[in-house]
1. Which of (1) open to solvent by 30 Å² or more (accessible area, probe 1.4 Å); (2) at pLDDT 70 or above; (3) under 25 Å from Leu248 (Cα atoms); (4) more than 25 Å from the chain's Cα centre (by Cα) does Ile364 not meet, given it meets every other one?
2. Take the residues in region 182-194 that are surrounded by 22 or more Cβ atoms within 10 Å (Cβ to Cβ) and within 21 Å of Gln160 (Cβ to Cβ); name whichever of them is modelled with the highest pLDDT.
3. Among (1) modelled with pLDDT under 95; (2) over 13 Å from the mean Cα position of the chain (by Cα); (3) among the β-branched types (Val, Ile, Thr), there is one condition Thr427 misses while meeting the rest; what is its number?
4. Is it the case that Val97 is in a helix (DSSP H, G or I), touching a helix residue (DSSP H, G or I) at 6+ places or on another chain (Cβ under 6 Å), at pLDDT 75 or above and more than 30 Å from Leu248 (Cα to Cα)?
5. Pick out the one residue from Ser349, Ser322 that is among the polar types (S, T, N, Q), assigned to a helix (DSSP H, G or I) and buried (at least 24 other Cβ atoms within 10 Å of the Cβ).
6. Determine whether Phe70 is over 20 Å from the mean Cα position of the chain (by Cα) and in a helix (DSSP H, G or I).
7. Across region 282-309, what is the total count of residues that are open to solvent by 10 Å² or more (accessible area, probe 1.4 Å) and among the hydrophobic types (A, V, I, L, M, F, W, C)?
8. Find the residue count for region 41-64, including only residues that are within 15 Å of Gly241 (Cβ to Cβ) and either at pLDDT 90 or above or open to solvent by 70 Å² or more (accessible area, probe 1.4 Å) (or both).
Amino acid sequence: MTESLQPGQAAHGEGSSHNQHHKKDTLTIRIFVGLLLGFAVGLVMHYLPQIVPDSPVDLWIQEYLIDGVFLVFGKIFVNLLKLMIVPLVLVSLICGVIASEESKSLGRLGSKTFVLYLLTTGVAITLALMVAQVIDPGAGANLEGDYERYVPKERPPFVQVLINIFPDNPMQAMAEGNMLQVIVFAILVGIALNHTGAQGKRIGAIFEDLNVVVMKLVQLIMQLAPYGVFFLVGKVFAEQGVDLLKGLGAYMGCVLLALALHFTGTYMTILTLVARLNPIIFLTKMRPALMFAFSTASSAATMPVTMGVVEKKLGVKNSVASFTIPLGTTINMDGTAIMQGVATVFIASAYGIELGVSEFLTVIATATLASIGTAAVPSAGMITLAMVLGQVGLPAEAIGLILGVDRILDMVRTAVNVTGDAVVTCTVARSEGALDQAVFDDPDAVEVQPG
């Protein structure tokens, strides 16, 4: 027996669809407004004490706003995002492995993902060196001795890095946020559940339910995004202003140009030619994740948003996204590799040291391979940069030259990293037949909202 649809019902359905589309657009707009307001208010807080000298406004802004309200609420928002990282990776990845069912499928998926991440990082560092050589941002600079001393953290040996990928205590790995170890543990649990029969199916069903709950919590936290973005961006520009652009403008411009070329060239070429997907649709739907990445300067903190975007808006199946996104967040450092390439040429030029072909090849190999092993180490970008500089005979202390502007550049390169995670995810999903083209093309799938 078929149920007839009354005219009133049809009208109601159309109205609901329109309202839902309107609600979906609202969050992206609110995040963008928060970003702009944070930028504007931050600059006002930075320059107002200079406009009104000899007044208590400077102390009041610094103590109560920058180090008070903006610091507290910005940190709370980032902590809420980071709160979801371990449960999201653990539960989602276990569900993804269960959905893969066959170990061969998982091995093929892992190989494609790993090779693509390594390839894009190699292209990124090569592109950065080429751009820096052409522009030569350190030309004419005599900055020797004009830096704060930077003491890099000791990097563990490569053998120890390999050993540390495999956890001896999964609870400790989760408590410390060691994502490589959490990923390995989740994969092993998922494989075990696939080979445990009825008991594995029952426990797997529990993880599927947990995955729904975790994603709902992520969506609820996202509603705070406009406010979190406002406080985070406001604090950065209140402390930095635009004075930091002076003296290092050429270096910053070079890094931003290389990032833009990698973003529009490498990523969009892969998306268009390999994945055969429309880059305009992709970038339109990636806006929330990119704004999160820019404001938090953390791929890890942005990961819950990235996961929601690629699954709900770009149509990637959870079995692929739950593996490729956490892995990309951990090892994909294209933006950092670009910074390292430009910084190496900049520092060498500032010191009057000429780099040859062998040094450039060393930089490419070192930065590319280091992106795998240092992802779980705090301040990974600066650690690998210190290592790269050491490999070509440049002083690690010179990192102090670029520390002043690194925060701004970090925001941009994090957005590039997140884009790379999503591009590789879509490409791998397309090759595995795990991307729903109808969802990707659907203009209504423009935002991730609580149901």
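The values are calculated or read from the model by the stated rules, or taken from the named source; none is laboratory data. On a predicted model such as this, the values are computed, not experimentally measured, just so you know. Cβ placement follows ideal geometry from the backbone for every residue including glycine, while neighbour counts extend to all protein chains displayed. In case anyone asks, the SASA skips ligands and DNA or RNA and just uses the protein heavy atoms, side chains included. Shrake-Rupley method; radii C 1.70, N 1.55, O 1.52, S 1.80 Å.
1. It fails just one condition, (4).
2. That would be Phe185.
3. So the condition that Thr427 fails would be (1).
4. yes
5. On the way: Ser349 fails: buried (at least 24 other Cβ atoms within 10 Å of the Cβ).
Criteria check complete, one pass: Ser322.
6. Numbers: over 20 Å from the mean Cα position of the chain (by Cα): yes; in a helix (DSSP H, G or I): yes.
Judged against the criteria, Phe70 is a match.
7. So the first thing to find is which residues in region 282-309 are open to solvent by 10 Å² or more (accessible area, probe 1.4 Å), and the list is 283-284, 287, 290-291, 294, 296-300.
Now restrict to residues that are among the hydrophobic types (A, V, I, L, M, F, W, C): 283, 290-291, 294, 297, 300.
Final tally of qualifying residues: 6.
8. Here is the first cut: in region 41-64, the residues within 15 Å of Gly241 (Cβ to Cβ) are 41-51, 58, 61-62.
This time we only want the ones that are either at pLDDT 90 or above or open to solvent by 70 Å² or more (accessible area, probe 1.4 Å) (or both), so: 41, 44, 50-51, 58, 62.
Counting residues in region 41-64 that are within 15 Å of Gly241 (Cβ to Cβ) and either at pLDDT 90 or above or open to solvent by 70 Å² or more (accessible area, probe 1.4 Å) (or both) gives 6.
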